[in-house]
Amino acid sequence: MRPVDSASFDALVADAPGDELRCVFMWGNDCYNCNVFKNTALMLQDRIQALGLAWYQANVYQDEALGRRFGLHGVPAFVFYRGGKRLGRISGWPGLPQFSAAVQRLRDPAAAPPVASTAAQAERAPPG
């Protein structure tokens, strides 16, 4: 994972040209779930690399401005960009199967499960 910080983030990630899917792993010192992800990434390197992401990492405990930029309330967090566009964020480490599924939805939004219609949501909403 290539390191980024507030000074290099836009050039390396946010404004970077191309169609490469970029993921920034935002972490902090002594963060239990950050370490769980790091251990998973080490133990399952082949599966992590098979996701085909350009990986970056930022210690937002040391670079608080970057954490504030994304309104982080905790770490780990994973922020995704492609072609100068922010695609989304995963807060926490959900595990590799869920993470992989989220990456696949970013690659192919048509493969994502359908969202409930507004009428169906209105039926479930409490009267008000």
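The values are calculated or read from the model by the stated rules, or taken from the named source; none is laboratory data. Bear in mind the structure is a predicted one, so any value in this text is a computation, not a measurement. Positions of Cβ are backbone-derived with ideal geometry, glycine not excepted, and every protein chain shown enters the neighbour counts.
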Quiz prompt | Which listed residue is part of a strand (DSSP E or B), surrounded by 11 or more Cβ atoms within 10 Å (Cβ to Cβ) and at pLDDT 95 or above, from Phe80, Phe99 | solution = Phe80
Exercise. Search segment 55-79 for residues that are within 17 Å of Asp10 (Cα to Cα) and pair each with any residue that is among the polar types (S, T, N, Q) and surrounded by 15 or more Cβ atoms within 10 Å (Cβ to Cβ) when their beta-carbon atoms are under 6 Å apart and the residues are at least 6 apart or on different chains.
Key: Asp63/Ser6; Ala65/Ser6; Leu66/Ser6
Quiz prompt | Scope segment 40-65; condition among the aliphatic types (A, V, I, L, M), surrounded by 14 or more Cβ atoms within 10 Å (Cβ to Cβ) and farther than 21 Å from Leu106 by Cβ; matching residues | solution = Val60
Quiz item: In segment 13-27, what count of residues is obtained for those that are surrounded by 18 or more Cβ atoms within 10 Å (Cβ to Cβ) and not in a strand (DSSP E or B)?
Solution: 1
Exercise. Can you tell me which residue within segment 86-96, out of those that are in contact with a helix residue (DSSP H, G or I) (Cβ under 9 Å, 6 or more places away or on another chain) and part of a strand (DSSP E or B), is surrounded by the most Cβ atoms within 10 Å (Cβ to Cβ)?
Key: Ile90
